[in-house]
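Worksheet for the structure shown next.
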Amino acid sequence: MKPAPFEYHRPTTVAEAADLLADRDHAELLAGNQSLGIVMANRLATPDHLIDLNAVEDLDYVEERADGDAVAVGAMTTHRTIERSGLLAERLPMLPEAAEQIAGPSVRNRGTLGGSVGEADPAGNYPAALLALDATLELVSADGEREVPVSDYFIAYMFTDLGEDEIIAAARVPTEPFPPDRTGMAFLELKPAAQTWPTVSAASAIRVDDPDATKPVVEEARLALANAADVPLRVEECETAIEGEPLSEETLAAVAEAATAAADPADEMHADREFKCEVAGEYARRSLAASYDRATNGETDTDQL
Ligand SMILES: Cc1cc2nc3c(=O)[nH]c(=O)nc-3n(C[C@H](O)[C@H](O)[C@H](O)COP(=O)(O)OP(=O)(O)OC[C@H]3O[C@@H](n4cnc5c(N)ncnc54)[C@H](O)[C@@H]3O)c2cc1C
């Protein structure tokens, strides 16, 4: 099937795109076209106007914000750019690790962070990663700018706080809680096959007190799951289970139990609800163990945990 007819617009600035979105009824934004194209070809979306953001260069960047306490990723930044960003590898390595596991090279070359957050699939890699990292979304419309914490953005299955006339401009991630010399991050996922969406993913970060100590204490932990519920799921019980002491077999067992209990996934063809709950527990455990390992420069033998 071919998409229904539509009028094509190619703005070159964010303001122009926002005006087009405000002035045209039944308009849709186009980013990497890795999801929207399929939906339109099947006529599950039939917009009258398509506003292509690919010529808006101001939305394609990874940069440290002036005060140095945050890194911002523009909405039109591709998975490939995120995967290869030196700044992200140093400050927020969870994001490149999440990007490199999305589909295959052709999807990663075109797909964008803004498209992924706009699509809001609960299995998406960035939604869970940005939730774990306490990110804020910067939104723009013809009426001005607005900020929404990612924790308030995902409301229900593929339903978000994004207004009809709003464009996601960037995701801003605070870096201050996670100094690179005492931090480990991980994005682990179980896939039923190469280049497919994950069964469940686990995004995690850990900051320890002293990476060179014999038993480094977990000062702060973060854990969010993808495809474990109708929305990306932050599991604070997993975080509190390991904070304030060195990671141990006991605290990791509590993590697995808490993640399995918090998961509320739908059945899928290749993975029923019970299996996904089990995977949520196991991957939460593995992800936090990997983050601890990385925070302590691999000095701690987490294989024993
Ligand atoms: C085979 C395959 C496997 C995949 N596997 C994974 C996976 O494992 N993990 C994963 O995370 N993703 C996966 N994806 C999805 C991929 O990440 C897409 O790139 C992404 O979901 C959509 O990004 P896009 O830039 O292509 O957006 P588009 O398809 O162009 O747009 C998607 C939606 O977002 C809206 N949108 C786009 N930009 C904005 C913006 N700036 N502001 C507001 N709304 C906007 C559009 O209007 C549209 O509704 C997979 C895709 C394919 C085809």
I'd like the full set of residues that are in a loop (DSSP other than H, G, I, E, B), under 18 Å from ILE168 (Cα atoms) and of a type outside the set (A, V, I, L, M, F, W, C), limited to segment 25-39. HIS26, GLY32, ASN33, GLN34, SER35
Return the total of residues in segment 1-18 being touching a helix residue (DSSP H, G or I) at 6+ places or on another chain (Cβ under 7 Å) and either modelled with pLDDT of 95 or more or not in a loop (DSSP other than H, G, I, E, B) (or both). 4
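Restricting to segment 149-162, what's the tally of residues that are touching a strand residue (DSSP E or B) at 6+ places or on another chain (Cβ under 8 Å) and away from the ligand (no atom under 12 Å from the Cβ)?
Residues flagged as touching a strand residue (DSSP E or B) at 6+ places or on another chain (Cβ under 8 Å) and away from the ligand (no atom under 12 Å from the Cβ) within segment 149-162 amount to 4.
Yes/no per residue for (1) within 23 Å of the chain's Cα centre (by Cα); (2) surrounded by 18 or more Cβ atoms within 10 Å (Cβ to Cβ); (3) in contact (Cβ under 8 Å) with a residue 12 or more places away in the chain:
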site: LEU30; (1), (2), (3): yes, yes, yes
site: ASN33; (1), (2), (3): yes, no, yes
site: MET40; (1), (2), (3): no, yes, yes
site: LEU44; (1), (2), (3): no, no, no
site: VAL56; (1), (2), (3): yes, yes, yes
site: GLU64; (1), (2), (3): yes, no, yes
site: ASP67; (1), (2), (3): no, no, no
site: ALA72; (1), (2), (3): yes, yes, yes
site: THR81; (1), (2), (3): yes, yes, yes
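When you check LEU21 against the structure, is it outside the structural domain of GLY104 (by TED's automatic domain parsing), touching a Leu at 6+ places or on another chain (Cβ under 8 Å), assigned to a strand (DSSP E or B) and of a type in the set (A, V, I, L, M, F, W, C), yes or no?
no
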Could you say which residue among PRO180, PRO211, PRO198 is under 17 Å from the mean Cα position of the chain (by Cα) and surrounded by 14 or more Cβ atoms within 10 Å (Cβ to Cβ)? PRO198
Exactly one of VAL140, VAL148 is assigned to a strand (DSSP E or B) and either surrounded by 24 or more Cβ atoms within 10 Å (Cβ to Cβ) or in contact with a helix residue (DSSP H, G or I) (Cβ under 9 Å, 6 or more places away or on another chain) (or both), and that residue is VAL140
Please note which helices (runs of 4 or more DSSP H) are completely contained in segment 40-107 and include at least 1 residues that are basic (Lys, Arg) and touching a strand residue (DSSP E or B) at 6+ places or on another chain (Cβ under 6 Å). 86-91
State which residue is farthest from ASP60 (Cα to Cα) when the search covers only segment 1-22 and only residues that are in contact (Cβ under 8 Å) with a residue 24 or more places away in the chain, loosely packed, with under 14 Cβ neighbours inside 10 Å and not aliphatic (A, V, I, L, M). LYS2
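Results for (1) farther than 27 Å from GLU90 by Cβ; (2) under 24 Å from the mean Cα position of the chain (by Cα); (3) assigned by TED's automatic domain parsing to the domain that holds PRO96, shown as yes or no for each residue.
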site	(1), (2), (3)
GLU219	no, yes, no
PRO232	no, yes, no
ALA253	yes, no, no
ASP264	yes, yes, no
ASP293	no, yes, no
So which pairs qualify, if the first residue must be in segment 254-280 and within 16 Å of ARG234 (Cα to Cα), the second must be of a type in the set (Lys, Arg) and crowded, with 19+ Cβ neighbours inside 10 Å, the Cβ gap must be under 6 Å, and the two must be at least 6 apart or on different chains? VAL255/ARG285; ALA256/ARG285; PRO265/LYS276
Checked THR296, THR240 against criteria (of a type outside the set (Asp, Glu), more than 21 Å from ASN125 (Cβ to Cβ) and without any contact (Cβ under 8 Å) to a residue 24 or more places away in the chain); the one match is THR240
Mind checking whether some residue in segment 112-133 is more than 7 Å from the ligand (Cβ to nearest atom), among the β-branched types (Val, Ile, Thr) and crowded, with 21+ Cβ neighbours inside 10 Å? yes
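The values are calculated or read from the model by the stated rules, or taken from the named source; none is laboratory data. If you're wondering where the values come from, they're calculated on a predicted model, not measured in any experiment. For neighbour counting, all protein chains shown are included, and Cβ atoms are generated from backbone atoms with ideal geometry for every residue, glycine included.
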